[in-house]
């Protein structure tokens, strides 16, 4: 309908009557009459105007900026300036020539809603952030940043299906962004679609092969799915990139064990203990592997070495008790009784403390029955 639009006083673009701010430049449209002549050529396709104004880098030059948006968004969210000063002429018609830029008004509604939603999301309150981020997306549906953070809030709030739809929308708006693709992969993983998540992670790594977080995410997915042979090369890659990360090296050792390379796994565990002798969980895993390989005395020695360093380590007492009991000798079983009881004393609130204390009583009765006092 003729005149069913408002013309931006700053850039001359035509905007729909219900819009309060220009889709192209963000200038205030409040108080402007409908159908006012524009001094520059008006944009006929309103929907296209919104898309190009929100993300002009989506075409042509935009692909050259691939990979930078995730960093830019983080910096923007941490260092963004406060609200602009209100335009004192907001309630009056401009008197300057139409082609001259006017002072910018305060923050547009969608940006204000997004900022509040982001603040709440960063505080860990995804449920409270959702209404604000939803409002931001509704007000500016072609903004990929808004959709991606809305998707994150939905995912954290447990609304996985809707989160996946919003991640998909963000990727459609910004198909070259590896950060959005990685976020979508994590959402797919959480939803149970491990095959889809693996494909998404692999697509990210084709673009960013040394993205250690994504490499680790994909390795973890393969481990949880029982595909240890696929996790192994990824963990080797990670430990090459981060050789001082002992947690990663323990994951590598565990994965080597699961693929059947027991000897290499034990070597990795031994390297970890050489650097961190107080790693009780690693010590227990190494001792168990040695015991399983028939190296019973060596396994028990590994645990005793740990207790010599820290006599109050409950995990080591429990592990040593188990090894001693399984040797089968009466002397070792009698010592296992003492170790089980020491574990229960040191960790009385552990879920298995009572069970192992009872186990000690049972073993003690068994020993007594096998060795009755002389009559």
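Please treat every number below as a calculation from the coordinates, not as lab data. Owing to the predicted nature of the structure, the values given are computational and were not obtained by experimental measurement. Note: ideal-geometry Cβ built from the backbone for every residue, glycine included; neighbour counts use all protein chains shown.
Structure values in brief
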item	result
Amide N proximity, region 306-329 versus residue 362 label position 7 Å along Cα-to-Cβ, cut-off under 20 Å	317-329
Sites residue 295 and residue 199 - FRET efficiency at Förster radius 41 Å, r taken between beta-carbons, to 0.05	0.45
Simple label model, 7 Å out from Cα along Cβ direction - residue 225 to residue 276, nm	2.8 nm
Global geometry of region 249-307, whether rounded, prolate or oblate, following the gyration tensor of its Cα atoms and the 1.5 cut on a/c	oblate
Rounded FRET efficiency, nearest 0.05, which uses the C-beta distance separating residue 345 from residue 156 and R0 of 45 Å	0.65
Alpha-carbon spread of region 277-375, three principal axes, descending order, Å	50, 33, 20
